[in-house]
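Q: Mind looking over this structure? Questions follow.
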Amino acid sequence: MTVTEAPKIVTSRIGFEDSNTLERFLATGGYDGLRKALSMTPEEVAAEVNTASLLGRGGAGFPAGRKWSMLRKADTTYLVVNGDESEPATFKDHLLLERDPHQLIEGVVIAAYAIQAAQAFIFIRGEMALGIERVTQALNEAYEYGAVGHNILGSSFSVDVVVHPGAGAYICGEETALLESLEGKRGFPRIKPPYFPAAVGLYGEPTVVNNVETMSNLPWIIKNGGAAFAALGVGSSTGTRLFALSGRVNNPAVFELEMAKTTFRDLIFDKSLGNGIKDGKALKAFIPGGVSAPWFGPDQVDMHLDQDEVGKAGSMLGSGSVVVLDETTCALRTAWRITRFFWRESCGQCTPCREGGGWLEKILWRMENGEGHEEEIDMLMDICDNLAPGVSWPPQQTTICVLGSSIPSSIASAIRMFRDELLIHVKEGRCPFD
Amino acid sequence: MSHLSEDIVSRAHDLVALYPEPRSALIPICHLAQGQDGWLRPEAIEEIADIVGVTPAEVLGTASFYDLLHTEPVGKYVISLCTNVACMLSGAYELLEHGEKTLNIRAGSTTPDGMFTLEEAECIADCDHAPCLQVNGRYFGKLSNGDFDVLLEDLRNGNLDDVVPPHGTLCRIRRTVGLEAENGKATQARPTEEPTPQPQPDTLAPGQTQRRRRGRK
């Protein structure tokens, strides 16, 4: 087992009952990172984050520093924090929002300083009522303390931060849909190009959109230096990362682990982490990075939690959520439920996603209930091919955003890994797991 | 006389003042209106439209996109039971079935007494407590059928009034400050002295926010 003794970068305060309060935050080095950042130039702050090679923790894994440097030159730029955590089985930002809201705010002000943002918005998923309350409360305190607002901590830097509640739509996690929603519209992803909000973002102005966990790393990086962060992990997977483990494990939870050092086996079976599979059952498969990711089998369990390694093996670390399926889990039913999710959450702009998602869901549901036909297995793959031509990884896109091209992952995984199981459903006219 | 209470209208204007463009406050104000009525009544929609400067159709068109904004009446307590993959693997569908039987309604509908709406929800990001649900946005997890029954009883008897407020994500905490950065424009930091905590110049009473409009037209 190789669970390293890496420092807790974003979860250092989680153990305290009062981790969300300003008192606890200040007693544990809170706002020191911001103080240091304000003594540097914005360029120096950005350079430090570049040195850290901090990868975005939202799902796409795009380097945060690069995102900042892509900003179009303009009088007004905005910073938007993506706290619309809705990828099924992902619950890490939920923890950070409720348990350490000041850390997030500190990170937001550091980032706003680095990009000289006119204003910052923290978009929080509407379902997270307590998270919205905690961050709003913390923001009130931070204004009063002087860490947000006018002449921050005695410097000449000023910026306002606004908490914006979402209203329940997975698609708003897509950054252009999030911006539309923030503008008070339906959460329709914008047509690309322009590909990046850094060129055309909120109200048409250049905008940086970063994830909650990404922001929460900034205070530590500024305090300890980008090099100290980059010294953790392997290759381009630097620092630590939150992994949300769920499904058929004994100890589902969020764990902060050093990147690329721990394996999926450690995460699932180590006593200090997942503590093995429920009822001592055997591992059947696992989803390595959110339900948009293709599945892995037990033979891949020794792979490291490394963005590059997982990417090369044909899947992704994505949002950092690992779902464990055991021998009692029906692969078809799992694929059906994931497909049902995408179908329900499709914004409806693009035909392949809106219609294809529904067809796939119906076929899978019929098959799961023993009314499928053998040739429909190929039909499923054919529809998937219309959503993501070639059904390869990373997926090809036929839709405005990647929601559509994410649908085939679970279906293709179930068919490629468990075709025999699907055939039993068809031939015996029932689900063998019922 | 307006349909939305004076307090909500005042809070709505405070929200508008936080954004470069008024329409950005549309969804937050819808949350406020639901805090009053439980759902978005047509008269509330008209007033929201006035406040943010769009047509009522645009408010409804936006609101109808979002799961948490109700364009039809819902029960006093909306129970959103997650059945997504992590919860499904922990027996969420069995729990949903139990809920339907107990409440004698199908998921997606409301009990005749207007007390409970039961919904099949997508992942609510609390998977370490699967199977889990939310009641008006508040989490309850690791629920057995028996726990579910106890929860219903507690809600009925008002035992959870402190934990589960009425509708409205924004009903319990409000922002106490308006915008402070001049013209909303960031300025380069040049600390001239040892940074010390700045006392808030003027802490405002709830609902009484500085109206400082941004420079952008």
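The values are calculated or read from the model by the stated rules, or taken from the named source; none is laboratory data. Since the model is a prediction, treat every value here as computed from it, not as a measurement. Note that each Cβ is placed from the backbone with ideal geometry, even for glycine, and that neighbours are counted across all protein chains shown. Calculation scope for accessible area: heavy atoms of the full protein, side chains included, ligands and nucleic acids excluded. Shrake-Rupley method; radii C 1.70, N 1.55, O 1.52, S 1.80 Å.
Q: Taking only the Cα atoms of the stretch A:331-428, how large is their convex hull per residue, in Å³?
A: Per-residue hull volume (Cα only) is 74 Å³.
Q: Show me the ranking of peptides B:152-159, A:384-391 by mean Cβ neighbours inside 10 Å, starting with the highest.
A: Packing order, densest peptide first, comes out as A:384-391, B:152-159.
Q: At 1.4 Å probe size, with every protein chain present, just tell me what the per residue accessible area of chain A comes to in Å².
A: Values: 13790 Å² over 434 residues.
Solvent-accessible surface per residue comes out at 32 Å².
Q: Rounded to the nearest angstrom and ordered from largest down, what semi-axes does the equivalent ellipsoid of the stretch A:320-378 get from its C-alpha gyration tensor (root of 5λ)?
A: Its equivalent ellipsoid spans semi-axes of 21, 18, 8 Å.
Q: Also, quick follow-up: Suppose R0 equals 41 Å; then what is the FRET efficiency for A:Asp75 and A:Glu5 from their Cβ-Cβ distance, rounded to the nearest 0.05? Intermediate results must be reported in sequence, preceding the final value.
A: Details: r = 47 Å, r/R0 = 1.15.
The computed FRET efficiency comes out at 0.30.
Q: I'd like to know how the stretch B:6-63 sits against the 2.2 N^0.38 Å rule of thumb: what's its Cα Rg over that expected value?
A: Dividing the Cα radius of gyration by 2.2 N^0.38 Å gives 0.97.
Q: Quick one: angle between helix A:42-52 and the longest Cα principal axis of chain A, in degrees between 0 and 90, rounded to 10, please.
A: 40 degrees
Q: Longer than 28 Å from Cα to Cα, which of A:Lys67/A:Lys185; A:Lys73/A:Lys261; B:Lys76/B:Lys142 are they? Say none if no pair is.
A: Exceeds cut-off: A:Lys73/A:Lys261.
Q: For A:Ala227 and A:Asp308, what does the FRET efficiency come to when R0 = 30 Å and r is the distance between their Cβ atoms, rounded to the nearest 0.05?
A: Rounded to the nearest 0.05, the efficiency is 0.90.
Q: From Cα pairs below 8 angstrom and at least 6 apart in sequence, can you work out the relative contact order of chain A, rounded to a whole percent?
A: Relative contact order here is 16 percent.
Q: Sorted by accessible area with a 1.4 angstrom probe, largest first, how do A:Arg430, A:Arg416, A:Arg354, A:Arg333 fall? Provide the component values of the computation, followed by the final result.
A: Values: A:Arg430 115, A:Arg416 145, A:Arg354 90, A:Arg333 60 Å².
Descending accessible area places them as A:Arg416, A:Arg430, A:Arg354, A:Arg333.
Q: As I understand it, the dipole of the stretch B:19-73 uses +1 on the Cβ of Lys and Arg and -1 on the Cβ of Asp and Glu, about the Cα centre. Which of B:Pro73, B:Ser24, B:Ala44 lies farthest toward its positive end?
A: Ranked along the dipole, the leading option is B:Ser24.
Q: Could you state how much accessible area B:Glu46 has, in square angstrom rounded to the nearest 10, with a 1.4 Å probe and all protein chains kept in place?
A: Probe radius 1.4 Å; accessible area of B:Glu46 about 110 Å².
Q: If you plug each phi of the stretch A:64-78 into the Karplus form 6.51 cos²θ - 1.76 cosθ + 1.60 with θ = phi - 60°, what whole-Hz ³J(HN,Hα) values come out, in order, with x for Gly and Pro?
A: Values per residue, Gly and Pro as x: 4, x, 5, 4, 5, 6, 7, 4, 5, 5, 7, 5, 10, 10, 10 Hz.
Q: Still on this structure: How much of the calculated P(r) for the stretch A:233-326 lies past 18 Å, in percent of all Cα pairs?
A: On the way: 1495 of 4371 pairs.
Summing the P(r) tail past 18 Å for the stretch A:233-326 gives 34 percent.
Q: Please state the Cα pair-distance histogram of the stretch B:77-157 with 5 angstrom bins from zero: what percent is in each bin?
A: 3, 18, 31, 29, 15, 4, 1
Q: How large is ³J(HN,Hα) for each residue in the stretch A:277-282, as worked out from phi by the Karplus curve 6.51 cos²θ - 1.76 cosθ + 1.60 (θ = phi - 60°), to whole Hz, x for Gly and Pro?
A: 8, 3, 6, x, 6, 8
Q: Between the stretch A:104-129 and the stretch A:375-403, how far is it from one alpha carbon centroid to the other, in angstrom?
A: With the stretch A:104-129 and the stretch A:375-403 each reduced to a Cα centre, they are spaced 35 Å.
Q: May I ask for the accessible area buried between chains B and A, both sides summed, probe 1.4 Å, to the nearest 100 Å²?
A: In total, this chain pair buries about 6500 Å².
Q: Compute the angle between helix A:129-145 and the longest alpha-carbon principal axis of chain A, please, reported from 0 to 90 degrees and rounded to the nearest 10.
A: 10 degrees
Q: May I ask for the angle, rounded to the nearest 10°, between helix A:351-368 and the longest principal axis of chain A, with both axes built from Cα atoms and the value confined to 0 to 90°?
A: Relative to chain A, helix A:351-368 is tipped by roughly 50 degrees.
Q: How shielded is A:178-185 by partner chains, expressed as the average number of their Cβ atoms within 10 Å of its Cβ atoms?
A: Details: counts 0, 0, 2, 6, 5, 8, 16, 9.
For peptide A:178-185, the averaged partner shielding equals 6.
Q: I'd like the mean, over residues of B:17-28, of how many other protein chain beta carbons sit within 10 Å of each residue's own Cβ.
A: Shielding by partners across B:17-28 averages 6.
Q: Additional query: For the protein assembly as shown, what is the percent of antiparallel DSSP beta bridges, rounded to the nearest 5?
A: Looking only at bridges with both residues in the protein assembly as shown, the antiparallel portion is about 50 percent.
Q: Further question: All other residues with a Cβ under 14 Å from the Cβ of A:Gly33 taken together, and with Lys, Arg as +1 and Asp, Glu as -1, what is their net charge?
A: Numbers: positive: A:Arg13, A:Arg35, A:Lys36, A:Lys223; negative: A:Asp32, A:Glu44, A:Glu48, A:Asp100, A:Glu106.
Within the 14 Å Cβ shell, the charges total -1.
Q: Tell me, in nm to one decimal, what length is gained between A:Asn386 and A:Ser272 on full extension, where the rule is 0.36 nm per residue of separation less the Cα-Cα distance?
A: Contour length minus Cα-Cα distance gives 36.7 nm.
Q: Using label points projected 7 Å from each Cα along Cα→Cβ, tell me how many nm separate B:Glu6 and B:Asp161, to one decimal.
A: The answer from the label model is 2.4 nm.
Q: Right, here's the next one. Viscosity 0.692 mPa s, temperature 37 °C: what is the translational diffusion coefficient of chain A from Stokes-Einstein with a Kirkwood Rh over Cα pairs, rounded to a whole number of µm²/s?
A: 147 µm²/s
Q: Quick one: Karplus J couplings for the stretch B:127-142, per residue in order, coefficients 6.51, -1.76, 1.60, θ = phi - 60°, nearest Hz, x for Gly and Pro?
A: The phi angles translate into 5, 6, 10, 5, x, 10, 8, 10, 10, 6, x, 9, 7, 9, x, 6 Hz.
Q: Let me ask something else. Positive end of the dipole of the stretch A:185-302, charges at C-beta (+1 Lys, Arg; -1 Asp, Glu), about the Cα centre: which of A:Ala244, A:Gly226, A:Thr263 has its Cα farthest in that direction?
A: Going by the charge dipole, the pick is A:Ala244.
Q: For a quick check of understanding: with a 1.4 angstrom probe and all protein chains in place, what accessible area in square angstrom does A:Glu144 have, to the nearest ten?
A: 100 Å²
Q: Give the ranking of A:Glu23, A:Glu133 by solvent-accessible surface, highest area first, calculated with a 1.4 Å probe. Working shown, then result.
A: Numbers: A:Glu23 125, A:Glu133 15 Å².
Descending accessible area places them as A:Glu23, A:Glu133.
Q: Other chains near A:117-127: what is the mean number of their Cβ atoms within 10 Å of each residue's Cβ?
A: Taking all residues of A:117-127 together, the mean is 5.
Q: Taking the Cβ of B:Met1 as the centre, find all other residues whose Cβ is under 12 Å away and add up their charges (Lys, Arg: +1; Asp, Glu: -1). Kindly include the intermediate steps, with their values, before the conclusion.
A: Details: positive: none; negative: B:Glu6, B:Glu43, B:Glu47.
Value of the local net charge: -3.
Q: So what's the gap between the Cα centers of the stretch A:193-253 and the stretch B:117-174, to the nearest angstrom?
A: With the stretch A:193-253 and the stretch B:117-174 each reduced to a Cα centre, they are spaced 30 Å.
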